[in-house]
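Inspection log for the structure reproduced underneath, given as structure tokens.
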Amino acid sequence: MVSPVRSIKLTTCLLAITCLLISSLADARMYRYRDNNGQLVISNTVPQEASTRGYEILNSQGRVVERIAPAPTEEELRQRAEEERRQLEAAEQLERDKALLRRYRHPDDAVRALHRKINELQGLNQLKRGNISVIESQLDTEQSKAADLERSGREIPEVTLDKIDRLQQQIQDLEAEIAVQNRELEKIRKGYIEDIERLEEITEQERTLPLDPKAVSTR
């Protein structure tokens, strides 16, 4: 005679086994796909070459529980990457537009800022040109002294020659600084013009001021 405790354990084991069998049957899945010849196949595995074409997962009742899409082609991947790039550029442009509108409400605001920057850099260049004129005057004086000494047959002092060299170098340095500032001015002007044109587009308002500040002062 089987004891009650042993009977309970046996019943529990049978229930566990039954549950496992039911679970296995419920989870038993098949796959439906087309082979290399285009024929529909149902199998418990999916070959690698068939998986790239997409397939369906069936439950134990033969119903579709999930559809696996085909792997994208190279052209689809290219188009997807291109679309992602366009979306990224559009998002970046939107952020730039927001920043631009925080600085300027109207294209003319950007034009005025351009004028201020141009006047500032041109003012610095004028100061440097003035310094060059002063140095050139000093250089002329030293060169005249040297020429007079040379004509009289006397030797030109080393200190005079050093001063002439130093003055010439100062002029060259200032000319180089002016050239750098002019290049920077053109770069800044180009950037402002791009901002002004973008403002005209996103605000749907045209500038009323000329880009050249001299044109404003002559009105």
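Below are the figures for this structure:
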{"quantity": "In the range 31-48, the residues that are surrounded by fewer than 13 Cβ atoms within 10 Å (Cβ to Cβ) and not in a strand (DSSP E or B)", "calculated": "N36, N37, G38, Q39, N44, T45, Q48"}
{"quantity": "Flag if L101 is in contact with a Lys or Arg (Cβ under 8 Å, 6 or more places away or on another chain) and surrounded by 12 or more Cβ atoms within 10 Å (Cβ to Cβ)", "calculated": "no"}
{"quantity": "Subset of the range 138-164 that is surrounded by fewer than 11 Cβ atoms within 10 Å (Cβ to Cβ) and of a type in the set (S, T, Y) - its residue that is farthest from L174 (Cα to Cα)", "calculated": "S152"}
{"quantity": "One residue from E177, E200 being acidic (D, E), touching a Pro at 6+ places or on another chain (Cβ under 9 Å) and either surrounded by 12 or more Cβ atoms within 10 Å (Cβ to Cβ) or more than 30 Å from D97 (Cβ to Cβ) (or both)", "calculated": "E200"}
{"quantity": "Filter result (of a type in the set (D, E, K, R) and without any contact (Cβ under 8 Å) to a residue 24 or more places away in the chain) within the range 164-194", "calculated": "D165, R166, D173, R183, E186, K187, K190, E194"}
{"quantity": "For G123: the one exception among (1) surrounded by fewer than 14 Cβ atoms within 10 Å (Cβ to Cβ); (2) farther than 30 Å from L209 by Cα", "calculated": "(2)"}
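Every number here is computed from the coordinates shown, using simple stated rules; none is lab data. Just so you know, these numbers come straight off a predicted model, no measurement behind them. Heads up, the Cβs are rebuilt from the backbone with ideal geometry, glycines too, and the neighbour counts pull from every protein chain shown.
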